[in-house]
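Colleague: Here it is: the structure, laid out below.
The values are calculated or read from the model by the stated rules, or taken from the named source; none is laboratory data. Here the structure is a predicted model, which means the values were calculated and not measured. Neighbour counts run over all protein chains shown; Cβ positions are idealised from the backbone, glycine included. Each accessible area value is taken on the protein alone, full model and side chains, heavy atoms only, with ligands, DNA and RNA left out. Shrake-Rupley method; radii C 1.70, N 1.55, O 1.52, S 1.80 Å.
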Amino acid sequence: MEIERKFLVDTDRLPFRPEDYPCRHIEQGYLCTAPVVRIRRDNEEYFLTYKSKGLLAREEYNLPLTREAYEHLLPKADGRIIVKKRYVIPLDSGLTLELDIFEQDLAPLVLAEIEFPDEDTALSYRAPDWLGEDVTYSSRYHNSTLSQA
(Lines give C-alpha, C1' and ligand atoms only; values in the text may rest on other atoms or scores of the structure.)
Protein backbone atom coordinates (compact mmCIF):
# COMPACT_ATOMS: atom_id res chain seq x y z
CA MET A 1 0.00 0.00 0.00
CA GLU A 2 1.34 3.41 -0.99
CA ILE A 3 0.21 6.23 1.30
CA GLU A 4 1.43 9.63 0.21
CA ARG A 5 0.63 13.31 0.13
CA LYS A 6 1.56 15.50 -2.80
CA PHE A 7 2.36 19.21 -2.90
CA LEU A 8 3.03 21.85 -5.54
CA VAL A 9 6.43 23.47 -5.00
CA ASP A 10 7.91 26.82 -5.90
CA THR A 11 11.66 26.10 -6.01
CA ASP A 12 12.40 29.73 -5.07
CA ARG A 13 10.85 29.04 -1.64
CA LEU A 14 12.87 25.89 -0.86
CA PRO A 15 15.06 26.15 2.28
CA PHE A 16 17.69 23.90 0.60
CA ARG A 17 19.33 23.34 -2.77
CA PRO A 18 17.96 20.20 -4.47
CA GLU A 19 21.36 19.66 -6.12
CA ASP A 20 22.85 18.96 -2.68
CA TYR A 21 20.86 15.70 -2.48
CA PRO A 22 20.86 12.42 -4.41
CA CYS A 23 19.18 12.68 -7.81
CA ARG A 24 17.54 10.00 -9.91
CA HIS A 25 16.73 10.47 -13.59
CA ILE A 26 13.29 9.07 -14.36
CA GLU A 27 11.53 8.45 -17.65
CA GLN A 28 8.09 6.84 -17.64
CA GLY A 29 5.20 6.05 -19.92
CA TYR A 30 1.69 4.74 -19.36
CA LEU A 31 0.35 1.68 -21.14
CA CYS A 32 -3.02 2.21 -19.44
CA THR A 33 -4.41 4.87 -17.10
CA ALA A 34 -7.51 3.07 -15.73
CA PRO A 35 -6.15 1.05 -14.02
CA VAL A 36 -2.68 2.57 -14.08
CA VAL A 37 -0.06 0.41 -15.78
CA ARG A 38 3.24 2.24 -16.07
CA ILE A 39 6.72 1.49 -17.36
CA ARG A 40 9.64 3.37 -15.82
CA ARG A 41 13.36 3.81 -16.25
CA ASP A 42 14.84 4.92 -12.93
CA ASN A 43 18.51 5.62 -13.64
CA GLU A 44 19.49 2.22 -15.04
CA GLU A 45 16.70 0.16 -13.46
CA TYR A 46 13.46 -0.69 -15.26
CA PHE A 47 10.00 -1.50 -13.88
CA LEU A 48 6.44 -2.27 -14.83
CA THR A 49 4.06 -0.88 -12.19
CA TYR A 50 0.37 -1.41 -11.49
CA LYS A 51 -1.46 1.15 -9.31
CA SER A 52 -5.03 0.85 -8.10
CA LYS A 53 -7.51 3.73 -7.93
CA GLY A 54 -7.16 6.15 -5.05
CA LEU A 55 -5.74 9.51 -4.02
CA LEU A 56 -4.18 9.35 -0.53
CA ALA A 57 -3.75 5.56 -0.41
CA ARG A 58 -3.61 2.96 -3.17
CA GLU A 59 -2.14 -0.40 -3.99
CA GLU A 60 1.11 -0.43 -5.93
CA TYR A 61 2.97 -3.41 -7.40
CA ASN A 62 6.37 -3.12 -9.09
CA LEU A 63 7.81 -5.81 -11.34
CA PRO A 64 11.36 -5.64 -12.70
CA LEU A 65 11.88 -5.28 -16.44
CA THR A 66 14.96 -5.68 -18.59
CA ARG A 67 16.16 -2.69 -20.57
CA GLU A 68 15.16 -4.52 -23.74
CA ALA A 69 11.60 -5.11 -22.46
CA TYR A 70 11.31 -1.46 -21.42
CA GLU A 71 12.52 -0.23 -24.81
CA HIS A 72 10.08 -2.61 -26.54
CA LEU A 73 7.13 -1.28 -24.50
CA LEU A 74 8.05 2.42 -24.60
CA PRO A 75 6.65 3.09 -28.13
CA LYS A 76 3.37 1.49 -26.98
CA ALA A 77 2.89 4.11 -24.25
CA ASP A 78 -0.26 6.21 -24.53
CA GLY A 79 0.30 9.96 -24.36
CA ARG A 80 3.52 11.76 -23.49
CA ILE A 81 6.60 10.21 -21.96
CA ILE A 82 7.27 11.93 -18.64
CA VAL A 83 10.86 12.94 -17.92
CA LYS A 84 11.87 14.27 -14.52
CA LYS A 85 14.65 14.54 -12.00
CA ARG A 86 13.84 13.19 -8.55
CA TYR A 87 15.74 14.49 -5.55
CA VAL A 88 15.44 12.50 -2.32
CA ILE A 89 15.50 14.74 0.76
CA PRO A 90 15.29 13.50 4.38
CA LEU A 91 12.91 15.47 6.62
CA ASP A 92 13.33 16.16 10.34
CA SER A 93 10.32 13.97 11.14
CA GLY A 94 12.11 10.83 9.88
CA LEU A 95 10.10 10.96 6.65
CA THR A 96 11.51 11.40 3.16
CA LEU A 97 10.48 13.97 0.58
CA GLU A 98 10.77 13.11 -3.10
CA LEU A 99 11.08 16.31 -5.12
CA ASP A 100 10.18 15.85 -8.79
CA ILE A 101 11.39 18.52 -11.19
CA PHE A 102 9.67 17.87 -14.50
CA GLU A 103 11.46 18.44 -17.79
CA GLN A 104 10.54 19.00 -21.43
CA ASP A 105 6.95 20.15 -22.00
CA LEU A 106 5.94 19.70 -18.33
CA ALA A 107 8.58 22.17 -17.11
CA PRO A 108 8.50 24.20 -14.89
CA LEU A 109 6.18 21.90 -12.86
CA VAL A 110 7.67 20.81 -9.53
CA LEU A 111 5.89 18.37 -7.20
CA ALA A 112 6.87 16.94 -3.83
CA GLU A 113 5.63 13.61 -2.50
CA ILE A 114 5.95 12.35 1.05
CA GLU A 115 5.21 8.70 1.77
CA PHE A 116 3.79 7.76 5.17
CA PRO A 117 3.67 4.51 7.14
CA ASP A 118 -0.11 4.79 7.69
CA GLU A 119 -3.10 7.00 6.91
CA ASP A 120 -3.29 8.52 10.42
CA THR A 121 0.27 9.81 10.13
CA ALA A 122 -0.44 11.15 6.64
CA LEU A 123 -3.60 12.95 7.73
CA SER A 124 -2.03 14.49 10.83
CA TYR A 125 1.16 15.66 9.06
CA ARG A 126 1.63 19.44 9.17
CA ALA A 127 3.48 20.44 6.04
CA PRO A 128 5.98 23.33 6.16
CA ASP A 129 4.83 26.47 4.31
CA TRP A 130 7.50 26.14 1.63
CA LEU A 131 5.80 23.02 0.28
CA GLY A 132 2.95 25.05 -1.18
CA GLU A 133 -0.52 23.83 -2.11
CA ASP A 134 -1.52 20.32 -1.03
CA VAL A 135 -2.76 18.59 -4.20
CA THR A 136 -3.11 15.11 -2.71
CA TYR A 137 -6.81 14.95 -3.52
CA SER A 138 -6.48 16.27 -7.06
CA SER A 139 -6.05 13.56 -9.68
CA ARG A 140 -4.92 16.38 -11.99
CA TYR A 141 -1.40 15.98 -10.57
CA HIS A 142 -1.14 12.21 -10.90
CA ASN A 143 1.61 11.41 -13.37
CA SER A 144 -0.86 9.23 -15.28
CA THR A 145 -3.07 12.31 -15.79
CA LEU A 146 -0.08 14.49 -16.70
CA SER A 147 0.85 11.93 -19.37
CA GLN A 148 -2.51 12.55 -21.07
CA ALA A 149 -2.68 16.38 -20.79
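Colleague: Kindly establish whether Ala112 is over 25 Å from Arg126 (Cβ atoms), under 15 Å from the mean Cα position of the chain (by Cα) and among the hydrophobic types (A, V, I, L, M, F, W, C).
Modeller: No.
Colleague: Residue by residue through region 106-116, note down the ones that are loosely packed, with under 15 Cβ neighbours inside 10 Å and either in a strand (DSSP E or B) or modelled with pLDDT under 95 (or both).
Modeller: If the condition is that a residue be loosely packed, with under 15 Cβ neighbours inside 10 Å and either in a strand (DSSP E or B) or modelled with pLDDT under 95 (or both), then Glu115 is the only one that fits.
Colleague: Among residues belonging to region 39-55 that are in contact with a Lys or Arg (Cβ under 7 Å, 6 or more places away or on another chain) and either among the hydroxyl-bearing types (Ser, Thr, Tyr) or under 20 Å from Glu115 (Cα atoms) (or both), point out the one that is most open to solvent (accessible area, probe 1.4 Å).
Modeller: The qualifying residue most open to solvent (accessible area, probe 1.4 Å) is Phe47.
Colleague: With the structure loaded, tell me whether Asp92 is over 22 Å from Val135 (Cβ atoms) and either among the polar types (S, T, N, Q) or free of Cβ contacts under 8 Å to residues at least 24 places away in the same chain (or both) or whether it fails that test.
Modeller: yes
Colleague: Looking at region 117-149, which of its residues are assigned to a helix (DSSP H, G or I), among the polar types (S, T, N, Q) and more than 28 Å from Lys76 (Cα to Cα)?
Modeller: Thr121, Ser124
Colleague: The conditions are (1) assigned to a helix (DSSP H, G or I); (2) touching a residue at least 12 places away in the same chain (Cβ under 8 Å), and Pro64 fails exactly one of them. Which is it?
Modeller: Pro64 satisfies all of (1) assigned to a helix (DSSP H, G or I); (2) touching a residue at least 12 places away in the same chain (Cβ under 8 Å) except (1).
Colleague: Which residue pairs have Cβ atoms closer than 9 Å, lie 6 or more positions apart in sequence or on different chains, and pair a first residue in region 2-26 that is more than 15 Å from Val110 (Cα to Cα) and open to solvent by less than 60 Å² (accessible area, probe 1.4 Å) with a second residue that is in a loop (DSSP other than H, G, I, E, B) and not small (Gly, Ala, Ser)?
Modeller: Going by the 9 Å Cβ cut-off, the qualifying pairs are Glu2/Glu59; Ile3/Leu56; Ile3/Phe116; Ile3/Pro117; Ile3/Asp118; Glu4/Leu56; Glu4/Phe116; Glu4/Thr136.
Colleague: Under 15 Å from the mean Cα position of the chain (by Cα), within 14 Å of Phe7 (Cβ to Cβ), at pLDDT 95 or above and exposed (fewer than 15 other Cβ atoms within 10 Å of the Cβ) - does that describe any residue in region 120-134?
Modeller: yes
Colleague: Out of all the residues in region 66-102, which are closer than 23 Å to Thr145 by Cα, open to solvent by less than 80 Å² (accessible area, probe 1.4 Å) and over 13 Å from the mean Cα position of the chain (by Cα)?
Modeller: Scanning region 66-102 gives Tyr70, Leu73, Leu74, Ala77, Gly79, Arg80, Ile81.
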